[in-house]
1. Could you grab the pairs with beta carbons closer than 6 Å, sequence gap of 6+ or different chains, first residue in the stretch 143-158 and more than 14 Å from residue 68 (Cα to Cα), second one at pLDDT below 95 and crowded, with 18+ Cβ neighbours inside 10 Å?
2. Select from the stretch 219-242 the residues that are part of a helix (DSSP H, G or I) and more than 18 Å from residue 203 (Cα to Cα) and list them in ascending order.
3. Out of curiosity, is residue 109 surrounded by fewer than 18 Cβ atoms within 10 Å (Cβ to Cβ) and in contact with a helix residue (DSSP H, G or I) (Cβ under 9 Å, 6 or more places away or on another chain)?
4. Just to verify a result, which residue in the stretch 180-209, among those that are assigned to a loop (DSSP other than H, G, I, E, B) and within 11 Å of the chain's Cα centre (by Cα), is nearest to residue 169 (Cα to Cα)?
5. Quick check on the stretch 62-72. Is at least one of its residues free of Cβ contacts under 8 Å to residues at least 40 places away in the same chain and assigned to a strand (DSSP E or B)?
6. Could you list, in sequence order, all residues of the stretch 254-280 that are touching a residue at least 40 places away in the same chain (Cβ under 8 Å) and surrounded by fewer than 17 Cβ atoms within 10 Å (Cβ to Cβ)?
7. Which residue pairs have Cβ atoms closer than 9 Å, lie 6 or more positions apart in sequence or on different chains, and pair a first residue in the stretch 281-304 that is touching a residue at least 24 places away in the same chain (Cβ under 8 Å) and on the phi > 0 side of the Ramachandran plot with a second residue that is surrounded by fewer than 16 Cβ atoms within 10 Å (Cβ to Cβ) and outside any loop (DSSP other than H, G, I, E, B)?
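The values are calculated or read from the model by the stated rules, or taken from the named source; none is laboratory data. All values derive from a computational prediction rather than experimental measurement. Quick reminder, even Gly has a Cβ in these numbers, built from the backbone with ideal geometry, and neighbours come from all protein chains shown.
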């Protein structure tokens with residue numbers, strides 16, 4: 001099938017080859033990286049309020065941007081859940097909002113959403129697309145959101161599609177104690193780092209993921225989630241057959257985390273029944289945004 005404009009063809013390559021090609025495929029520039037130093041005191045000011053607020057902070061020699069969406073009636077006295085939504089490559093926070101429809105869901109269910117922008121339209125995730133310390137950037141904005149915005153530290157979640165989905169797996173592993181659950185959409189746990197059996201979360205992080213059988217990267221993505229389950233000694237639970245030939249499997253892992261996988265027989269590299277934005281499949285038969293929020297609601301951060 002043709003590749004979506006928001007989809008690099010990274011998954012189709014063997015992992016060793018992908019690692020060799022990463023410098024060519026990476027979308028972030030590393031020019032001047034060795035001269036960058038962290039900015040200890042971000043100068044940006046934030047005035048939490050309902051609606052959207054675009055925030056720019058200095059980060060390691062670059063201006064990094066994220067947008068926060070707060071539901072109607074929000075005040076900093078509230079202690080709301082937080083979802084960090086990560087865009088595909090090439091894309092930005094606006095693309096993540098447009099594809100997912102999370103603003104509307106946040107208004108209905110009363111939670112915060114943050115949409116970080118990757119530099120040069122990508123995140124330095126497991127296979128591509130950049131060289132920036134995006135894990136450090138996500139750590140910084142999460143601290144700001146649980147501080148200034150008073151987001152609930154026990155109810156912080158991440159989701160994303162494609163490059164953003166890969167990044168959510170990376171955050172689950174490399175920011176221990178931060179996320180209660182992640183929801184990768186058409187993305188995976190794969191790449192050079194993930195080849196290491198020790199590359200697993202050190203604190204429990206539950207996963208709900210959505211994989212299309214018509215995705216050209218399906219085999220690699222499916223193997224990735226199976227590897228995650230194997231390494232965390234997850235025990236199979238129930239299997240359900242849903243409309244549109246959707247298969248839903250559940251498992252519980254040794255650390256108490258859960259893994260739910262939706263395998264959609266007729267979907268490609270898309271967001272199931274998203275809001276639009278070019279990577280939404282309105283015929284998928286399930287609404288990923290609704291399903292992930294129900295999953296998030298039932299998962300709070302667990303002690304290791």
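1. From the stretch 143-158, the pairs are 154/301.
2. 219, 220, 221, 222, 223, 224, 226
3. On the way: surrounded by fewer than 18 Cβ atoms within 10 Å (Cβ to Cβ): yes; in contact with a helix residue (DSSP H, G or I) (Cβ under 9 Å, 6 or more places away or on another chain): yes.
In short, yes.
4. Going through the stretch 180-209, the residues assigned to a loop (DSSP other than H, G, I, E, B) turn out to be 180, 186-192, 196-205.
Still in the list and also within 11 Å of the chain's Cα centre (by Cα): 186-188.
Working: 186: 12, 187: 9, 188: 7 Å.
That would be 188.
5. Within the stretch 62-72, one or more residues are free of Cβ contacts under 8 Å to residues at least 40 places away in the same chain and assigned to a strand (DSSP E or B).
6. First pass over the stretch 254-280, keeping only residues touching a residue at least 40 places away in the same chain (Cβ under 8 Å): 255-272, 274-280.
Passing the criteria: 256, 265, 266, 276, 278.
7. Matching pairs, first to second residue: 285/242; 285/243; 285/244; 285/245.
A quick yes/no check of all residues on (1) surrounded by fewer than 24 Cβ atoms within 10 Å (Cβ to Cβ); (2) farther than 21 Å from residue 300 by Cβ:
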site: 168; (1), (2): no, no
site: 183; (1), (2): no, no
site: 214; (1), (2): yes, yes
site: 220; (1), (2): yes, yes
site: 239; (1), (2): yes, yes
site: 248; (1), (2): yes, yes
site: 252; (1), (2): yes, no
